[in-house]
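The values are calculated or read from the model by the stated rules, or taken from the named source; none is laboratory data. None of these values were measured; they are calculated from a predicted model. Cβ placement follows ideal geometry from the backbone for every residue including glycine, while neighbour counts extend to all protein chains displayed.
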2 protein chains.
Amino acid sequence: MTAPTPRTLRRPPLDVPHAPTLEEVAKQAGVSRSTASRAINGGLRVSPSAQTAVDAAIARLGYTPNRAARSLVTRRTDSVALVVPEPDERVLTDPYFAGSLQGISAALEPTNIQLVLLIARRGEGSQRTAHYLLNRHVDGAVVVSHHRDDALNQVLVDSHLPCVFVGRPWTMTENMTYVDLDNATGGGIATEHLIAAGCTRIATIAGPLDMAAGIDRLAGWRAALHAAGLSDEAMVCGDFTSAGGAAATERLLAAYPDVDGIFAASDLMAAGALGVLTRAGRSVPGDVRVVGFDDLGVATTTAPPLTTMRNPVVEMSRAAGELLLALLAGELESTEPQIFQAQLVVRESA
Amino acid sequence: MTAPTPRTLRRPPLDVPHAPTLEEVAKQAGVSRSTASRAINGGLRVSPSAQTAVDAAIARLGYTPNRAARSLVTRRTDSVALVVPEPDERVLTDPYFAGSLQGISAALEPTNIQLVLLIARRGEGSQRTAHYLLNRHVDGAVVVSHHRDDALNQVLVDSHLPCVFVGRPWTMTENMTYVDLDNATGGGIATEHLIAAGCTRIATIAGPLDMAAGIDRLAGWRAALHAAGLSDEAMVCGDFTSAGGAAATERLLAAYPDVDGIFAASDLMAAGALGVLTRAGRSVPGDVRVVGFDDLGVATTTAPPLTTMRNPVVEMSRAAGELLLALLAGELESTEPQIFQAQLVVRESA
DNA sequence: AGCCACGGTGGGACCGCTCTCATCGTGCGC
DNA sequence: GCGCACGATGAGAGCGGTCCCACCGTGGCT
């Protein structure tokens with residue numbers, strides 16, 4: 001008994017004051033349902049007099065088309081999903097996620113398309129999400145924060161559901177639309193900033209290596225060091241969190257005590273690093289220079305404030321939203337990914 | 001021409017592989033549409049054999065009921081809205097908001113109710129949101145972060161749309177369900193902590209006074225000072241942000257240079273205060289003790305880490321979600337508000 | 001034996017909308 | 001003056017479900 005939808009018990013309908021229907025609008029306006037419908041949907045083939053009559057009736061009655069009825073026949077739902085493949089509390093509380101949300105809702109703002117939040121549990125629970133998307137309960141989806149082993153991606157690609165990924169999908173199939181940050185270049189710029197400041201023993205606190213962002217930032221750090229003829233040995237891994245960054249820094253100091261520059265792949269990890277460095281008696285930026293990544297708020301509250309790479313999350317996910325709208329409208333010619341650049345923001349830590 | 005819904009241009013329907021319908025399930029199972037429907041909705045009055053046949057057909061076809069069709073007749077949408085009355089970037093990026101989101105989606109997780117995010121612009125644009133809610137495009141709503149002058153509240157109350165407020169609504173009408181934090185007691189505890197530490201000239205950086213949280217925390221501070229026989233003169237207002245807190249602190253130091261304790265109504269404002277204090281050459285907690293409010297992540301990254309009042313946002317909004325579910329199910333007997341307590345978390349700033 | 005209650009079932013109306021199609025004027029060209 | 005194209009309109013058929021109701025058969029009563 002593996003029904004895709006859990007059974008819901010029907011409750012008695014609440015006594016609602018009855019929302020106005022198209023029928024009533026038509027009657028008020030003295031036209032037929034068909035004409036009223038036409039007037040509402042673009043007004044093609046509608047006389048000015050009929051149009052104004054309908055408009056007036058709509059305003060008088062406070063009419064809004066019944067979404068369900070409309071969507072039943074148009075087979076469109078006028079809603080898109082923001083798919084978050086992890087219910088992990090870290091994700092929702094992450095300012096990165098908040099930024100995505102803001103960008104997408106900004107993109108949707110001029111339309112009357114609603115945003116549905118789809119939190120996909122990994123494994124077992126993802127079935128439900130998959131069914132939801134597959135059966136077209138939304139017109140399209142924006143997918144963020146995916147790890148390597150995400151089964152949902154393949155499902156989405158197979159379903160031909162219009163969707164846009166924020167961040168390069170781990171498994172790339174042709175015909176995938178996505179926006180991404182040029183993490184490699186960003187990591188490079190951060191590292192070059194350390195090099196330019198005279199650091200010669202530069203370490204990195206990398207992000208998780210099952211995320212594209214983690215890998216690419218690491219690669220950027222590496223490339224910059226190579227170009228400068230410096231060693232890329234001092235690498236420790238964190239998990240993008242403050243605590244993880246602190247732990248990584250301790251390992252780092254133990255293994256490479258003479259480090260004089262650190263590129264942390266996220267501000268939170270950098271913040272964790274600052275704490276450990278201070279406690280270890282190293283001044284920042286005096287003894288060790290630190291550059292973070294993201295600039296999503298934390299960077300300004302640390303002591304000293306972090307020099308970091310600004311991650312244009314909002315712009316990026318806004319672009320993703322607009323890409324999805326274009327996809328939905330069938331106006332998208334190229335599926336070229338849109339790549340954004342991270343910008344160096346110099347504060348006091350480096 | 002003030003149509004409530006902007007006109008959308010109809011796009012040609014995308015060629016979707018055709019989702020299975022109830023009709024097909026019924027045929028596969030060798031029963032009528034009615035029986036299949038019954039089997040799906042609780043299985044009352046369905047023979048075991050018919051039930052298993054339908055279940056099998058559902059699994060084989062990967063069937064999910066068409067939400068639009070169902071909702072057209074049941075007049076329920078199986079979705080609820082999270083209403084955010086401000087499009088302001090501050091709100092979405094706020095960890096408070098993220099926490100709310102997390103709590104509500106946790107409450108909804110065991111159901112198959114979807115979360116629709118409704119960002120209501122103030123003023124003009126709020127019309128659209130109001131219409132959306134009024135015309136029952138969702139079964140209920142959770143409303144967060146409302147200011148004094150929010151017209152939406154009245155609209156919601158009038159509409160009889162089941163809804164739950166997070167944070168005491170500014171204008172209380174009978175029959176309003178809400179959850180809230182006991183901000184006054186929280187402010188009191190924070191202030192008492194300062195008093196117990198020996199501070200005698202205790203200031204507050206209050207939140208905006210058009211928000212209940214701002215007012216109540218201020219009241220708590222005031223009450224604690226009165227009880228201890230101390231002056232409640234040193235009050236400046238911020239806006240819950242870091243920058244606002246910094247500005248407020250400068251004003252505070254100018255007016256009351258001898259302050260030895262500060263209760264900031266949010267961690268962000270406290271963080272701003274820390275910066276200004278350090279720059280002014282006052283050590284924390286040596287010269288001035290600082291207590292914040294919220295404990296939503298910022299508190300641990302500041303230097304020194306903030307002593308603060310833990311705001312159980314997630315639990316609170318989860319409770320709001322569950323209250324809404326109960327309301328929807330008609331199982332709610334009392335409309336007593338659920339009040340949560342903030343807990344003192346002692347770190348290093350006080 | 002006759003009747004009724006009741007579990008199981010299928011037929012069909014209907015939810016509110018869109019969209020196709022037939023109809024009806026009307027102005028235009030010839 | 002007649003046909004014709006075309007803009008404006010209304011009637012009506014669904015979209016995919018739910019749910020009321022009528023129907024059937026069986027079993028337990030009287």
> Being within 9 Å of another protein chain (Cβ to nearest Cβ), under 25 Å from A:THR111 (Cα atoms), aromatic (Phe, Trp, Tyr) and assigned to a loop (DSSP other than H, G, I, E, B), is that true of even one residue in segment A:83-98?
Replying inline: no
>> Looking for something hydroxyl-bearing (Ser, Thr, Tyr), over 21 Å from B:SER266 (Cβ atoms) and at pLDDT 90 or above - is there at least one such residue anywhere in segment B:111-119?
In response: no
> Cβ-Cβ below 8 Å, separation at least six or inter-chain, first residue in segment B:16-35 and under 12 Å from A:ASN135 (Cβ atoms), second within 13 Å of DNA strand C (Cβ to nearest atom): which pairs?
Replying inline: B:VAL16/A:ARG75; B:ALA19/B:ASN66; B:THR21/B:ASN66
>> Any residue at all in segment B:224-240 that's buried (at least 17 other Cβ atoms within 10 Å of the Cβ), in contact with a Leu (Cβ under 7 Å, 6 or more places away or on another chain) and within 21 Å of B:VAL84 (Cβ to Cβ)?
In response: yes
> Failed condition for B:ALA26, given (1) touching a helix residue (DSSP H, G or I) at 6+ places or on another chain (Cβ under 7 Å); (2) within 21 Å of B:ASN112 (Cβ to Cβ), with all others met?
Replying inline: (2)
>> For the condition outside any helix (DSSP H, G or I), over 30 Å from A:THR77 (Cα atoms) and out of contact with any Cys (no Cβ under 6 Å at 6 or more places or on another chain), what is the one hit in A:PRO208, A:PRO169?
In response: A:PRO208
> Just a yes or no: is a residue in segment B:16-28 at pLDDT 90 or above and near DNA strand C (Cβ under 9 Å from one of its atoms)?
Replying inline: yes
>> For segment B:38-50, give me each residue that is in a helix (DSSP H, G or I), farther than 17 Å from A:ASN135 by Cβ and within 12 Å of DNA strand D (Cβ to nearest atom).
In response: B:ARG38, B:ALA39
> From the list A:ALA247, A:ALA213, which one is without any contact (Cβ under 8 Å) to a residue 40 or more places away in the chain and over 16 Å from A:VAL288 (Cβ atoms)?
Replying inline: A:ALA247
>> Please go through segment B:311-338 and give me each residue that is surrounded by fewer than 15 Cβ atoms within 10 Å (Cβ to Cβ) and either on the phi > 0 side of the Ramachandran plot or assigned to a strand (DSSP E or B) (or both), ordered by number.
In response: B:GLY330
>> If I filter segment A:256-276 for residues that are at pLDDT below 95, farther than 18 Å from A:SER349 by Cα, surrounded by 19 or more Cβ atoms within 10 Å (Cβ to Cβ) and under 23 Å from the mean Cα position of the chain (by Cα), do I get at least one hit?
In response: no
> If B:ALA243 passes every condition in (1) surrounded by fewer than 16 Cβ atoms within 10 Å (Cβ to Cβ); (2) not in a helix (DSSP H, G or I) but one, which one does it miss?
Replying inline: (2)
> When only residues in segment B:325-346 that are touching a strand residue (DSSP E or B) at 6+ places or on another chain (Cβ under 8 Å) and modelled with pLDDT under 95 count, which is nearest to the other protein chains (Cβ to nearest Cβ)?
Replying inline: B:LEU328
> For segment A:293-308, which residues satisfy the criterion of being in contact with a strand residue (DSSP E or B) (Cβ under 6 Å, 6 or more places away or on another chain) and of a type in the set (Gly, Ala, Ser)?
Replying inline: A:ALA299
> How many of the residues in segment B:51-75 are surrounded by fewer than 20 Cβ atoms within 10 Å (Cβ to Cβ) and either outside any helix (DSSP H, G or I) or more than 9 Å from DNA strand D (Cβ to nearest atom) (or both)?
Replying inline: 9
> Across segment B:246-255, what is the total count of residues that are surrounded by fewer than 18 Cβ atoms within 10 Å (Cβ to Cβ) and farther than 10 Å from B:ILE205 by Cβ?
Replying inline: 3
>> touching a residue at least 60 places away in the same chain (Cβ under 8 Å) and part of a helix (DSSP H, G or I): which single residue out of A:LEU253, A:LEU296, A:LEU268, A:LEU274 fits that description?
In response: A:LEU274
>> Yes or no: segment B:293-303 includes at least one residue that is under 22 Å from B:ARG201 (Cβ atoms) and either at the interface with another protein chain (Cβ under 9 Å from one of its Cβ atoms) or more than 24 Å from the chain's Cα centre (by Cα) (or both).
In response: no
> Based on what the data block shows, is B:ALA271 within 14 Å of chain A (Cβ to nearest Cβ), of a type in the set (A, V, I, L, M, F, W, C) and on the phi < 0 side of the Ramachandran plot?
Replying inline: yes
>> Scan segment B:150-158 and tell me whether some residue there is assigned to a helix (DSSP H, G or I) and among the charged types (D, E, K, R).
In response: yes
> Of all residues in segment B:36-84, which are near DNA strand C (Cβ under 8 Å from one of its atoms) and in contact (Cβ under 8 Å) with a residue 40 or more places away in the chain?
Replying inline: B:ARG75
